[in-house]
Amino acid sequence: MTIPLPVISGVWRVTFNWHNAVTGWNTANVMHFREITSGPLSSSAVAGTISANLHSDMWVGKVSGDQLVNYQMIRLDGTSATAIELPTGSGWAPVGSGDVAPQVAAIIKLQTGIRGRSNRGRIYLSNQGEANTTNGAITPSSIVTAATTAWTTFQTNIQSGSGNNIVLGVASYMRAHGGSGAHFNPATNIVCETMCATQRRRQPGRKVARH
């Protein structure tokens with residue numbers, strides 16, 4: 001049975017939908033943003049703020065063949081329908097190089113001001129280029145530093161820019177308790193980790209033996 005999304009006041013669940021033009025693969029990143037401008041905001045207003053502040057350095061070594069197709073957006077108010085918004089500008093365009101490493105991802109770590117597993121999060125940036133990984137680490141180290149700076153700048157700008165202000169953070173759905181106690185905390189520290197993560201996806205075209 002499908003578990004319904006929780007109700008968290010003023011929070012948007014935004015799915016970044018990616019398509020790789022070379023491999024044909026589709027991937028997604030789910031992030032959560034809370035309105036800090038007097039709301040409720042429209043999906044286009046939230047998407048516009050996100051698009052206006054993206055920078056290519058945020059995507060670490062994600063290959064340049066990846067394209068951000070759209071944002072799938074839903075306001076966690078218990079009633080709103082999903083909206084599809086298109087990205088604008090060029091800040092979504094990754095610049096990693098080499099062939100795609102299917103199971104390799106860069107990690108963007110989200111820390112909040114509250115302790116506990118439900119109050120921290122990770123963004124897994126898939127389709128890292130083979131030219132940007134060495135011995136299980138993102139290389140060169142300069143792109144790790146640049147990514148941390150870019151994400152930190154993004155967080156600052158979406159909060160303090162003119163217009164519709166939002167903040168990136170961690171949403172805890174508390175599904176084990178039926179959504180009771182679901183909450184959101186803004187990210188107070190955002191770091192790109194040097195070591196790669198492993199995504200448990202099957203190698204395309206590879207069959208798995210059954211015993």
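Counting Lys +1, Arg +1, Asp -1, Glu -1, what net charge surrounds ALA187 among other residues with beta carbon under 12 Å of its beta carbon? Taking every Cβ under 12 Å from that of ALA187, the sum is +4.
What is the extension gain from SER160 to ASP77, computed as 0.36 nm multiplied by their sequence separation minus the C-alpha to C-alpha distance, in nm to one decimal?
27.4 nm
Estimated from the Cβ-Cβ distance and a Förster radius of 25 angstrom, the FRET efficiency linking THR134 and HIS19 is about 0.40. For GLN72, the shell of other residues with beta-carbons less than 14 Å away shows a net charge of +1, using +1 for Lys and Arg and -1 for Asp and Glu.
Taking only Cα atoms, what is the 0 to 90° angle, nearest 10, from helix 141-160's long axis to the longest principal axis of the chain? The answer is roughly 20 degrees. With all protein chains kept in place, the per residue accessible area of the chain amounts to 52 square angstrom at a probe of 1.4 angstrom. By the Cα gyration tensor, the chain has an equivalent ellipsoid whose semi-axes, rounded to whole angstrom, run 28, 21, 18 from largest to smallest.
The values are calculated or read from the model by the stated rules, or taken from the named source; none is laboratory data. Every value quoted in this text rests on a predicted model; they were computed, and no experiment measured them. Backbone-built Cβ (ideal geometry, glycine too); neighbour counts: all protein chains shown. Side chains are part of the model used for accessible areas, which takes the heavy atoms of the whole protein and leaves out ligands, DNA and RNA. Shrake-Rupley method; radii C 1.70, N 1.55, O 1.52, S 1.80 Å.
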